[in-house]
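Trainee: Below is one structure. I have some questions about it.
Taken together, the values in this text are just the output of simple stated rules run on the coordinates, not laboratory data. Worth saying up front: this structure is predicted, and the values here are computed from it rather than measured. Ideal geometry is used to build each Cβ from the backbone, glycine not excepted, and the neighbour counts take in all protein chains shown.
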Amino acid sequence: MTDSNDDDCLVSADDALVRLMDGNARFLRGERRITGATLEELADLAKGQRPFATILGCSDSRVPPELLFNAGFGDLFVIRVAGNVLSPEVAGSLQYASMHLKTQLIMVLGHEGCGAVQAVLAAKFQGAQEPSRIQLLLQNMLPGLHGIDPQLPLPQRLACAVEANVRWTMRQILDTPEGRARMAEGRMKLVGAVYDITTGRVRLLS
Ligand SMILES: [Zn+2]
């Protein structure tokens, strides 16, 4: 792992968010620039990385951040884990991106139809059991879903839970001394978003 120390080239959090959403707009319009890289570009990137944003997203095969944001090699620092949950290792990766790569924007990206969120709802409301390691994952997510109305029809319940799960991860990121310190500096921005796997659209949470 190498550090980026050229502060003059840092992309602000606001600019990074615009770049992400512009990329998603290109993706939606089908105006996708080629996301591969030439050998020259790879050689240049090998000297160091300078991603403009950090994405914490789900491992779901239908939610590849570089594609849905129409981003290229070296553009995004991506952490993918089922249910976009925060663990100590994930927190360490976020801190690395923030402290060493100096990305100013962190996006927590959930998605509609998330299997991990479906599983945690089934555990919460139907007492479904999963193997031990999956159970650990679900336990991590459970506290974020305490306000979900069990009377909601299943599709709406899942949509609410996906959003609540993103907010839960965001709350945990903020609820650390490092997170609070970085926010207090005023340069870092944390945003939540939900990707619609049917339309391809990324919706920012307010
Ligand atoms: Zn998922």
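Trainee: Starting from the Cα gyration tensor of region 1-119, take the square roots of the eigenvalues, sort them a ≥ b ≥ c, and report rounded, prolate or oblate (rounded when a/c is under 1.5, otherwise prolate if a/b is larger than b/c, else oblate).
Mentor: Oblate, because a/c is 1.5 or more while a/b does not exceed b/c.
Trainee: Helix by helix through the chain, keep the DSSP H runs that span 18 Å or more along the axis on Cα and average at least -0.5 on Kyte-Doolittle, and give those back in order.
Mentor: For the chain, where a helix must reach 18 Å along its axis and average at least -0.5, the hits are 13-29, 154-174.
Trainee: For a footprinting-style exposure proxy, rank 58, 160 by other Cβ within 10 Å, fewest first.
Mentor: 160, 58
Trainee: Moving on to the next point. Can you give the convex hull volume of the alpha carbon atoms of region 125-206 per residue, in Å³?
Mentor: Spread over its residues, the Cα hull of region 125-206 gives 136 Å³ apiece.
Trainee: While we're on this one: What FRET efficiency comes out for the pair residue 38/residue 201, r = Cβ-Cβ distance, R0 = 25 Å, nearest 0.05?
Mentor: For R0 = 25 Å, the calculated efficiency reads 0.25.
Trainee: Also, quick follow-up: Just the number, please: percent antiparallel of the DSSP beta bridges in the chain, rounded to the nearest 5.
Mentor: 15
Trainee: Step by step: find N for region 7-204, compute 2.2 N^0.38 Å, then divide the Cα radius of gyration by it. What's the final number?
Mentor: 1.06
Trainee: Once each part is reduced to its C-alpha centroid, what is the distance from region 126-179 to region 62-87 in angstrom?
Mentor: One Cα centre to the other: 20 Å.
Trainee: Another question, if that's okay. With point charges of +1 on the Cβ of Lys and Arg and -1 on the Cβ of Asp and Glu, referenced to the Cα centre of region 1-107, which listed residue (95, 36, 16) lies farthest in the positive direction of the dipole?
Mentor: 36
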